[in-house]
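Every number here is computed from the coordinates shown, using simple stated rules; none is lab data. No experiment lies behind these values; they were computed from the predicted model shown. Here Cβ is always computed from backbone atoms with ideal geometry, including for glycine, and neighbour counts include all displayed protein chains.
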Amino acid sequence: MARQADAIMLVIGENESVCREAWDENHLGDRDTLDLPGRQDELAHRLVETGVPLAALLINGRPLSVNYVAEHANALFEGWYMGQEGAAAFADALFGDVNPGGRLPVTFPRSVGQLPAYYNHKPSVRRSYLWAEKTPLFPFGHGLSYTTFEYRNLRVSPVQIKPEGQTTLSVELINTGSRPGDEVVQLYIHDVATNLVTRPVKELKAFHRLTLQPGESQLVEFQIGTEQLSFLNEKMQRVVEPGLFELMVGASSVDVQTIRLEVVA
């Protein structure tokens, strides 16, 4: 049947029976792998081998290590646990009646061995393995659409502020594709050096979702001050320490442009 089809729509994943908290021997649900349950991966292999264009839809309550499908499917949609109108919403996206613009709120690892997998880890974390990729399958904040976007002219003004001061980060966003679409502009911040408390390599501090027509551009601005730069020190006091901050803007936690801000005493 698949070989005779013009296209294949493959729905794969898991349900609440195999994705839940295991609190008793009679209520199991945890698994020691993030691979697709059963023979779903084998099914995907056989369908891909037909050469018929294939789009896959994931139904899942957590990230899955769908490496083969991600590499070989012509399109991959994330559905999570879709509600009553989920199928209609998915059909609209599949056939291009709407242009999807969502972003992943979690990191997708390549295997269970990559866990814990999160974007805001400390600088000292080293999670490489022999014969395996260090990067995740899909990073936090990742998402695609039927159009493309370009970021230009990243600026911060002023480039130097006091701990209680404020600055403006701006970037020009351009829809470089041929269709209207949404882009989620994400702001991450990294406190380069602190006195006693180490800080993550980056933290999501804000985001803007915009709809742009083909060729349209828009200036996106973020106001950055105490709320975005402060953290809890060793005395559990919220402070902004003088020093360098890296301000990162882009389409995901890894697809970013970086500019520096200095906080002076």
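Brief remarks on what is shown
- Figure legend. Inter-residue proximity from the stretch 231-253: first residues without any contact (Cβ under 8 Å) to a residue 24 or more places away in the chain, second residues outside any loop (DSSP other than H, G, I, E, B) and surrounded by 12 or more Cβ atoms within 10 Å (Cβ to Cβ), beta-carbon distance below 9 Å, spacing 6+ or different chains. Indicated pairs: Arg238/Thr226; Arg238/Phe231.
- Filter result for Gly96 (surrounded by fewer than 17 Cβ atoms within 10 Å (Cβ to Cβ), in a loop (DSSP other than H, G, I, E, B), at positive phi and in contact (Cβ under 8 Å) with a residue 24 or more places away in the chain): yes
- Unmet requirement for Asp35, which otherwise passes all of (1) in contact with a Gly (Cβ under 9 Å, 6 or more places away or on another chain); (2) surrounded by 11 or more Cβ atoms within 10 Å (Cβ to Cβ): (1)
- Residues being of a type in the set (Asp, Glu) and part of a loop (DSSP other than H, G, I, E, B) - total across the stretch 114-163: 1
- Selection of the stretch 192-232 for residues being assigned to a strand (DSSP E or B) and within 14 Å of Asn120 (Cβ to Cβ) yields Glu203, Leu204, Lys205, Phe231.
- Residues of the stretch 21-45 that are at negative phi and free of Cβ contacts under 8 Å to residues at least 12 places away in the same chain: Glu21, Ala22, Trp23, Asp24, Glu25, Asn26, His27, Leu28, Asp30, Arg39, Glu42.
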